[in-house]
Amino acid sequence: ELAENDVAGITLEDQLGAIDTVITGLVWVLNGFAIIALIAAGFGIINTLLMSVQERTREIGLMKAMGMGAGRIFALFSAEAVFIGFLGSAIGALLGILTGTIVSGVLANGILKDLEGLRVLAFDPVQVLLVVLLVMALAFVAGTLPAAKAARQNPIDALRYE
């Protein structure tokens, strides 16, 4: 009927579909940035732990000389890597949720106040927990190289290290 009068019309479903398409595209772009950030974090963890191994060479030599096995030293440095990953992801998730909640509240009570029940940003606790676990797993993988380096050290050479 609209076409007969040379008039175009868009339904609410069409408008919501267009908005949903834009939001989906933004989510993919942000996920790409998140992957890049995870890779950078992995290299940061590797660098931090390699420096830790280098600075603690005499300590590692003393632990080995006192009977600590290579497996326990590997576990010690791996646990340190996982803890770094946990702290980073937990603090990041809490700050992200806090910022998102504030932004959502400002938008829902500001320019979008006419839309009842609108939640601009919603956080699923299960997904947040999965991200924290993913970062911890990435930290473990990133920490295996420095942990293996620490575990392979010769105790005599490590005690002589200056």
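Observations
- Looking across segment 39-51, the residues that are over 16 Å from Lys149 (Cβ atoms) and open to solvent by 50 Å² or more (accessible area, probe 1.4 Å) come down to Ile39, Ala40.
- Qualifying positions in segment 27-80 - under 16 Å from the mean Cα position of the chain (by Cα) and touching a residue at least 40 places away in the same chain (Cβ under 8 Å): Leu38, Ala41, Gly42, Phe43, Ile45, Ile46
- Single residue of segment 72-85 satisfying the filter (in contact with a Leu (Cβ under 9 Å, 6 or more places away or on another chain) and over 19 Å from Gln153 (Cα atoms)) that is most open to solvent (accessible area, probe 1.4 Å): Ile84
- Comparison of Gln15, Gln54 shows that the only residue that is open to solvent by 60 Å² or more (accessible area, probe 1.4 Å), more than 26 Å from Ala137 (Cα to Cα), out of contact with any strand residue (DSSP E or B) (no Cβ under 8 Å at 6 or more places or on another chain) and in a helix (DSSP H, G or I) is Gln15.
- Just so you know, in segment 100-123 the residues that are more than 18 Å from Ile23 (Cβ to Cβ) and not hydrophobic (A, V, I, L, M, F, W, C) include one that is modelled with the lowest pLDDT, and it is Glu116.
- Selection of helices (runs of 4 or more DSSP H) fully inside segment 62-162 by the criterion of at least 1 residues being within 26 Å of Asn31 (Cβ to Cβ) returns 70-109, 125-152.
- Val29 falls short on exactly one of the conditions (1) surrounded by fewer than 12 Cβ atoms within 10 Å (Cβ to Cβ); (2) hydrophobic (A, V, I, L, M, F, W, C); (3) touching an Asp or Glu at 6+ places or on another chain (Cβ under 8 Å), and that condition is (3).
- Residue match in segment 99-122 (condition: closer than 30 Å to Ala158 by Cα, open to solvent by 90 Å² or more (accessible area, probe 1.4 Å) and either touching a Lys or Arg at 6+ places or on another chain (Cβ under 7 Å) or in contact (Cβ under 8 Å) with a residue 12 or more places away in the chain (or both)): no
- Gly69 meets all of the listed conditions (1) farther than 30 Å from Leu38 by Cα; (2) modelled with pLDDT of 90 or more; (3) surrounded by 13 or more Cβ atoms within 10 Å (Cβ to Cβ) but one, namely (3).
The values are calculated or read from the model by the stated rules, or taken from the named source; none is laboratory data. The structure displayed is predicted, hence computed values, not measured ones. Note that we place each Cβ from the backbone using ideal geometry, even for glycine, and neighbour counts take in every protein chain shown. Only protein heavy atoms, including side chains, enter the accessible area calculation; ligands, DNA and RNA are left aside. Shrake-Rupley method; radii C 1.70, N 1.55, O 1.52, S 1.80 Å.
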